[in-house]
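Since every read-out is calculated from the coordinates, none of them should be taken as a lab result. Small disclaimer: the values here were computed from a predicted structure and weren't measured. Every residue, glycine among them, receives a Cβ derived from its backbone with ideal geometry; neighbour counts consider all protein chains shown.
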Amino acid sequence: MRRFFVQPAPGRAFVSAAAIACAAVAFGLLFNAIRPSGIPLVGDWSARALTELNAGDVKSVNADEAFDLYSRGQALFVDARDPASYRGGHLPGAVNIGPDDVDERPEEVRTLLGNGRVLIAYCHDVDCPLATKIARRLHDLGARRIVVLPEGWAGWLDRGFPHE
Amino acid sequence: MVRLVLGAVFLSAGIPKIVDPAGFALAVYNYHILPAWLVNMVAVSLPWIEIVAGACLVFGLWVPGSALVVSVLLLAFTTALGFNLYRGLDITCGCFSTSPGSGKITWWYLLRDGSLFLSGLLVLFADRGRFSLSSVLQGTDRSHHS
C-alpha cells in the first residue's frame, strides 16, 4: 500500500524555502527601487507624518504653531472629543463637535465654516483618530483653512499652555 | 488540490500589496509589532515572498520549500493577528486588501489564518505532486511512479 505521508527530506525543504524567500526578497527590493511608486526602505512613522498620511489634503501644526496662531487671535479650536472630556477641560474658546455630529448640527458647522479664523482640530493625542476625521469632514464641506493638532489635548497640556 | 487552493490564495493576497506598497506599509505599521525602521522593508518584500511561494505551489515547483515558506508565514500572520485581537487593537487585516476601509480584524480572520496554516502543513507533509507543472507536461501523475 502506498504511504499517504511522503517523507520529505527536511534539510532540502529548508534550503529551498530559504532560497525562495531570499530570491523573493531580492526581487521585491529591486522592484521597489526601480518602480516610480516605490517607497523608502525606512519609512517616516512619526506622529506628524502619520497624521498627515491619514489627513489627506489637511495639514497639521504642532502645539507651538497652534499657540502662536491662537495668541494672534487667528485660531478657532475644534474639540473632536466626546462632550464629557470637553467639559472636563478644553483649549481656550474651543467648539465641541465630533465627526458624528457634523450631519446632526448643520447650523454649527455653517458657523464654523463661515468663521474667518484657522480651524484647528484636536482630540486627546496622536493615537486618537477623531481630529483627523473631523478635519477631513470639514475640509470636504468646504473649509479651506483647517489644520490638525496631532499632539492634541495631552500635548497642549504638556506645554503648559492655557486651557479652560 | 489543497496545494492549488493555497497557492491561489497566496497569489491573490500578494498582488494588491504590490500594487499599493504605501497602503500595505501602513497596514503593517498599524499592527504595532515591528519596529518602525523595519516596516517598509517588510512591506516591500513580504508580498513577493507570498507571490513566489504561491506560484510555486500552484505550479508544483519546489513544493516542500514553498509549503514551508507558506506555513511559516501563516504561523507568523496567525500569531500577529491573535496578539492584536488579544490586546484589542482596532486595525484592518491588510490580508487581501490594503484599503483602510476593508475589514477590521475579528476572530473569524484568526480562524481563517489557522486553517490556512493547517493546510500549509498538510501540503508540506502530504503533497504527492498531482497537478504539478511537470506531471501535467508529461501527461503523467508522479504519485503513480513512487
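Worth a mention:
- Put in line by how crowded their Cβ is, counting other Cβ atoms within 10 Å and starting with the fewest, A:I120, A:I97 read A:I97, A:I120.
- Rounded FRET efficiency, nearest 0.05, which uses the C-beta distance separating B:M1 from B:F83 and R0 of 30 Å: 0.40
- Ranking of B:S132, B:S119 by count of other Cβ atoms within 10 Å, fewest first: B:S119, B:S132
- Degrees, to the nearest 10: A:130-140 long Cα axis against longest axis of chain A: 70 degrees
- Inter-chain neighbour count for A:63-70: the average number of beta-carbon atoms from partner chains within 10 Å of each residue's beta-carbon is 0.
- A cysteine counts as unpartnered when no other cysteine's C-beta lies under 4.7 Å of its own; in the protein assembly as shown this applies to A:C22, B:C56.
- Per-pair calculated FRET efficiency, R0 = 35 Å: B:F131 and B:A36 via Cβ, rounded to 0.05: 0.25
- Three-way shape label, segment A:67-127, alpha-carbon gyration tensor, a/c 1.5: oblate
- Extension gain, A:R117 back to A:A49 (0.36 nm per residue minus Cα-Cα distance, nm): 22.0 nm
- Relative to its residue count, the protein assembly as shown spans a Cα convex hull of 163 Å³ per residue.
- Its Cα gyration tensor gives segment A:1-151 an equivalent ellipsoid. The semi-axes, each the square root of 5 times an eigenvalue, are 50, 19, 14 Å from largest down.
- Membrane-span-like helices in chain B, defined purely by DSSP H runs whose alpha carbon atoms cover 15 Å or more axially and whose average Kyte-Doolittle hydropathy reaches -0.5, are B:2-19, B:36-59, B:63-86, B:107-126.
- Inter-site label distance for A:A18 and B:W108 at 7 Å from Cα along Cβ, in nm: 4.1 nm
- Once the Cα atoms are used to define both axes, helix A:10-34 deviates from the longest principal axis of chain A by about 40 degrees.
- Look at the stretch B:44-53: the mean tally of other chain Cβ atoms within 10 Å of its residues' Cβ atoms is 6.
- Counted over segment A:121-164 with a bin width of 5 Å, the fraction of Cα pairs per bin, in whole percents, is 6, 25, 25, 19, 15, 7, 2.
- Shape of segment A:85-159, Cα gyration tensor, a/c cut at 1.5: prolate
- Annotation: lysines with alpha-carbon distance below 16 angstrom to A:K59 (same-chain offsets under eight excluded): A:K133.
- Ranked by the mean number of other Cβ atoms within 10 Å of their residues, highest first, the peptides B:83-94, B:64-75 fall in the order B:64-75, B:83-94.
- The ranking of B:V136, A:V126, A:V78 by Cβ neighbour count inside 10 Å, starting from the fewest, reads B:V136, A:V126, A:V78.
- By the Stokes-Einstein formula, at 1.306 mPa s and 10 °C, chain B with its Kirkwood radius over alpha-carbon pairs has D equal to 100 µm²/s.
- Local electrostatic count at A:L113 - Lys and Arg +1, Asp and Glu -1, tallied over other residues with Cβ under 15 Å: +2
- Cα gyration tensor shape of segment B:84-136, rounded if a/c is under 1.5, else prolate or oblate by comparing a/b with b/c: oblate
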